[in-house]
1. Would you please name the residue that is surrounded by the fewest Cβ atoms within 10 Å (Cβ to Cβ), looking only at residues in region 139-153 that are of a type in the set (D, E, K, R) and in contact with a helix residue (DSSP H, G or I) (Cβ under 7 Å, 6 or more places away or on another chain)?
2. Working carefully through the options Asp13, Asp27, find the one that is charged (D, E, K, R) and under 20 Å from Met100 (Cβ atoms).
3. Give, as residue ranges, the helices (runs of 4 or more DSSP H) completely inside region 129-216 that count at least 3 residues that are aliphatic (A, V, I, L, M) and within 21 Å of Met100 (Cα to Cα).
4. Which numbered condition in (1) touching a residue at least 24 places away in the same chain (Cβ under 8 Å); (2) farther than 26 Å from Cys182 by Cβ; (3) in contact with a helix residue (DSSP H, G or I) (Cβ under 6 Å, 6 or more places away or on another chain) is the only one that Glu135 fails?
5. Is it true that some residue in region 208-215 is within 30 Å of Lys49 (Cβ to Cβ), exposed (fewer than 13 other Cβ atoms within 10 Å of the Cβ) and more than 18 Å from the chain's Cα centre (by Cα)?
6. Can you find a residue that is at pLDDT below 95, farther than 14 Å from Tyr30 by Cα and aliphatic (A, V, I, L, M) anywhere in region 74-84?
Amino acid sequence: MKEIRRFLSEWIDRMGALYVAVSLGPDWRYPDESATTKVIQEAVLPVAKEKGVPFALMVGVKRQINPRLRLAGDGVGKADIGSVARICAENPGNKFLVTMLSRENQHEVAVAARKLRNMMLFGCWWFLNNPSLIEEITRMRMELLGTSFVPQHSDARVLDQVIYKWEHSRGIIAKVMKDKFCDLAGTGWKVTREEVKRTAEGYLGGNFEGFLSAGM
């Protein structure tokens, strides 16, 4: 464990890392007696806390459901939100970025994020990177979380995918923002250009930066 902590600490410094991340299967449980829990508890969380970087949990990938497809053979499964909530609640001095791969997990994890101030949802990962799902999930998150989430992120196995990912994501985020500001205006709220600009800047980076700098 000492060597793992040294490795993580040195590479966080060398890369200037803003967070550390892990991809986990839908069968991941926390805590349990596994090596995964041991490494998280005794190495990852202490180093992340010391360095002041969030631990990003990317949960729900089923590896190699069709091994003949190799890297393209991964699938998706519904994960346990209780494990996500427990790791955040039991480690209030750490910050957690969370994204779930299954559509079925999205509402429950958004509710959990409302209750845990050290947890921030981010992105529409992998199999959720479809325009119809991005819109559905972004609307639900705006309604439940306001501006305390990151709508999309630049994760991509193939670098060129970042281009089209952001082209359609920006349009969808703008569309949902427009609808929500119209809803606000309908209640009598006077929407200003500055408010719209501030909200857009938050969704496209500022919310993440604020989460990094916030005290726990």
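The values are calculated or read from the model by the stated rules, or taken from the named source; none is laboratory data. These numbers were taken from a predicted model, which means no experiment stands behind them. Ideal geometry is used to build each Cβ from the backbone, glycine not excepted, and the neighbour counts take in all protein chains shown.
1. Going residue by residue through region 139-153, those that are of a type in the set (D, E, K, R) are 139, 141, 143.
Keeping just the survivors that are in contact with a helix residue (DSSP H, G or I) (Cβ under 7 Å, 6 or more places away or on another chain) gives 139, 141.
Working: Arg139: 15, Arg141: 23.
Applying the filter and picking the extreme gives Arg139.
2. Details: Asp13 fails: under 20 Å from Met100 (Cβ atoms).
From the options Asp13, Asp27, the qualifying one is Asp27.
3. Details: elements: 131-145, 161-186, 193-201, 207-213.
Output list reads 131-145, 161-186.
4. Result: Glu135 fails condition (2) only.
5. Among the residues of region 208-215, at least one is within 30 Å of Lys49 (Cβ to Cβ), exposed (fewer than 13 other Cβ atoms within 10 Å of the Cβ) and more than 18 Å from the chain's Cα centre (by Cα), which makes the answer yes.
6. Within region 74-84, not a single residue is at pLDDT below 95, farther than 14 Å from Tyr30 by Cα and aliphatic (A, V, I, L, M).
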